[in-house]
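The values are calculated or read from the model by the stated rules, or taken from the named source; none is laboratory data. Owing to the predicted nature of the structure, the values given are computational and were not obtained by experimental measurement. Glycine also receives a Cβ, built like all others from the backbone with ideal geometry; neighbour counts cover every protein chain displayed. Only protein heavy atoms, including side chains, enter the accessible area calculation; ligands, DNA and RNA are left aside. Shrake-Rupley method; radii C 1.70, N 1.55, O 1.52, S 1.80 Å.
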Amino acid sequence: MMGCTQKQDRLNVEVYETSASGNKLTRVTEFKDSKKASTIILNPAKKYQTITGFGGAFTEASAYLLNKMGEENRAKIIEAYFGESGAAYSLTRTHMNSCDFSLGQYSYAPVEGDKELEHFTIQEDKDDLIPFIKDAMAASKEGFKIFGSPWTAPPWMKDNNNYVGGKLLPEYYDTWALFFSKYVDAYKAEGIDIWGFTVENEPLGNGNNWESMHFSPDEMTNFVMSHLGPKLEADGKGDLKILGYDQNREHLKEWVDSQFKNEATSKYFDGTAIHWYASTFDYFPEELQYAHNKAPNKLLIQSEACVDAEVPVWQDDAWYWKKEATDWGWDWAPEKDKHLHPKYAPVNRYARDIIGCLNNWVDGWVDWNMVLDKQGGPNWFKNWCIAPVIVDPDSDEVYFTPLYFTMAHFSKFIRPGAEVIGVENADKDLMVAAAKNPDGSIAVVLFNEGVAPKNFNLNLKNESVSITINGQAIQTIIIPTN
């Protein structure tokens, strides 16, 4: 039994676990003694990236569902994501104009040829999206950062005059840059501060299925260097973060090569945003390392991830730990990439990816929708996905899936400003990442994908403690400030 009355050489820790056997961010205090234990050594002197935050996205779909829930459950979900008793999300995203997880297609610039955007309006966001963000702000003690991502400019600014596909016409580059500035002002008028942007969600497109707009790496770099960056600077908004790319990691090299070619191209980019959809198991460490080495002082933020191409499994925790989920690539990936898209367990994919990202210079990790219904929507294109929280608004029921607790293992305990620190881990079947928080506490997150429990000794300086992690489990170990 571990208590506060440990001898000096015993490391004082708090341990929280989520497991296939039923723990849900449960405080664990008793561990089996074992002669077969590996050793994990923490090295706070070895410092890596500074954490920007963890969280999810405010979408019209999630906000609409929350408005359909009873008051008590609506408040419960918002507290669970943003409150101190919950996951305390610190970094969030939202869509500018509509996306597939909207109720329909719309733009804040509805009037054709309105180059000065005199008719710019965020009216569409006032029923659902803005109330959700404001209630989240009220629930959050430390506050959170929010960045906007456009899926597309309004059709009238594009060469195909359509919400889907096509490119921004060069004659509207300045108007589109103005759009970002207007968006910040409109949200500020609602009491919401925007922290930054990604330039374009999925600039390589999405197979022309829902809202999209195509950029090549050099086209995006040119837009930021000659239009968006200077416009924000001229409007006194030069401190807003601009993140390039915003799609899958396998193409990261060509985008960072363009963005960070030289001082002029790099000037307005604060970093790069990435998605995880290129594989269900590979987190692309080489690409992440390359991006960091190309621009070591720039942000590297995972901006979107979800269990896609699936209808949510309701009230069945076991499913989220089983290798039964398939993604878009299971059916649609080209033959040469099929091996990257095997069946997978949703919890494994999340835990593996976040720890893998932390160990490869990623400083922020943002999930996709926070709340979806039992169908995996609403989504006007019927692009069904899973969210950590699933609701049935008709019966006013809420299901916190194991993915919610998986996210909380990171967001609740690794706070903005934390520094990722060195870890020596002898057990190759155990994934580990650690970070030192601004308050001096250290958070260690471990993932045991195997079915057998594992024992390990956690060492910090001259103190250690013996801990057991269940099979198929995630643990966060907190070493409080001395």
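Note on residue 115 and residue 311: with the Förster distance fixed at 51 Å, the Cβ-Cβ geometry gives a FRET efficiency of about 0.75.
The reciprocal of the average 1/r between distinct C-alpha atoms defines the Kirkwood hydrodynamic radius, which for the stretch 78-122 equals 13.3 Å. Normalised size of the stretch 83-149, defined as Cα radius of gyration per 2.2 N^0.38 Å with N residues, equals 1.35.
If you wrap the stretch 150-255 in the convex hull of its Cα atoms and look at it from every side, the mean projected area works out to 6.9 nm². In this structure, the residue pairs whose Cα-Cα separation is over 18 Å, taken from 36/428; 115/241; 182/241; 68/141, are 115/241; 68/141.
If you count only protein heavy atoms with a 1.4 Å probe, what accessible area per residue comes out for the chain, rounded to a whole Å²? All intermediate terms of the calculation are to be shown ahead of the outcome.
Details: 18920 Å² over 482 residues.
That works out to 39 Å² per residue.
Its residue count N fixes a reference of 2.2 N^0.38 Å for the stretch 401-482, and the Cα radius of gyration divided by that reference is 1.09. The string of couplings for the stretch 376-384 from the Karplus curve (6.51, -1.76, 1.60, θ = phi - 60°) is x, x, x, 8, 5, 8, 6, 8, 5 Hz, one whole number per residue in order, with x for Gly and Pro. Kirkwood-type hydrodynamic radius, the stretch 231-330: 15.6 Å, calculated from all non-identical alpha-carbon pairs. Beta bridges assigned by DSSP with both partners in the chain are antiparallel in approximately 55 percent of cases. Distance distribution note for the stretch 273-337: the fraction of Cα pairs above 19 angstrom is 48%.
Note the full-extension length gain between residue 171 and residue 427 as 0.36 nm times their separation in residues minus their Cα-Cα distance, in nm to one decimal. Working shown, then result.
Working: separation 256, 0.36 × 256 = 92.16 nm, distance 5.70 nm.
Stretched fully, the residue 171-residue 427 segment lengthens by 86.5 nm.
For the stretch 71-76, 3J(HN,Hα) computed residue by residue from phi via the Karplus equation (6.51, -1.76, 1.60; θ = phi - 60°) reads 3, 5, 6, 4, 5, 4 Hz, glycine and proline entered as x. Remark: the chain projects, on average over all directions, an area of 22.2 nm² (convex hull of Cα atoms). Across the stretch 399-409, coupling constants 3J(HN,Hα) worked out from phi with the 6.51/-1.76/1.60 Karplus curve, θ = phi - 60°, read 10, 7, 6, x, 5, 4, 5, 4, 4, 5, 4 Hz, and Gly and Pro carry x.
Relative to the current alpha-carbon distance between residue 375 and residue 38, full extension at 0.36 nm per residue lengthens the span by 117.0 nm.
Between residue 239 and residue 14, the FRET efficiency from the beta-carbon distance, with R0 = 45 Å, is close to 0.75.
Computing the accessible area with a 1.4 Å probe over protein heavy atoms, can you report the carbon and sulfur percentage for the chain? The partial results should precede the final answer.
On the way: 8890 of 18920 Å².
About 47 percent, which is the carbon plus sulfur part of the accessible surface.
Say the dipole of the chain comes from +1 at the beta carbon of Lys and Arg and -1 at that of Asp and Glu; which of 460, 476, 107 then lies farthest toward its positive end? Among 460, 476, 107, the one farthest towards the positive end of the dipole of the chain is 460. Taking one quarter of the surface of the C-alpha convex hull of the stretch 367-426 gives a mean projected area of 6.5 nm².
Go through 46-52, 442-448, 175-181, 189-195 and give me the packing order, highest mean Cβ count within 10 Å leading. Please list the in-between numbers first.
On the way: 46-52: 18.3, 442-448: 24.3, 175-181: 22.0, 189-195: 14.9.
Sorting 46-52, 442-448, 175-181, 189-195 by mean packing, highest first, produces 442-448, 175-181, 46-52, 189-195.
Contact order, relative form, for the chain: 23 percent (alpha carbon pairs under 8 Å, 6 or more residues apart, mean separation divided by residue count). Measure nothing fancy, just the Cα-based angle from helix 346-358's long axis to the longest principal axis of the chain, in degrees from 0 to 90, nearest 10. Tilt relative to the chain: about 90 degrees.
Sorting the segments 334-344, 164-174 by their residues' average number of neighbouring beta-carbon atoms within 10 angstrom, most packed first, yields 164-174, 334-344.
I want to verify the translational diffusion coefficient of the stretch 201-268 in µm²/s; compute it with Stokes-Einstein, Rh as the Kirkwood radius over Cα pairs, at 10 °C and 1.306 mPa s.
124
Multiply the residue gap between residue 396 and residue 254 by 0.36 nm, knock off their C-alpha separation, and tell me the result in nm, one decimal place. Please report the intermediate quantities before stating the final value.
On the way: separation 142, 0.36 × 142 = 51.12 nm, distance 4.68 nm.
Gain on extension, residue 396 to residue 254, equals 46.4 nm.
Go through 461-468, 361-368 and give me the packing order, highest mean Cβ count within 10 Å leading. List each step's numbers first, then the result.
Working: 461-468: 16.6, 361-368: 24.4.
In decreasing order of mean packing, 461-468, 361-368 become 361-368, 461-468.
A Förster radius of 30 Å, combined with the Cβ-Cβ distance separating residue 457 from residue 50, puts the computed FRET efficiency at roughly 0.60.
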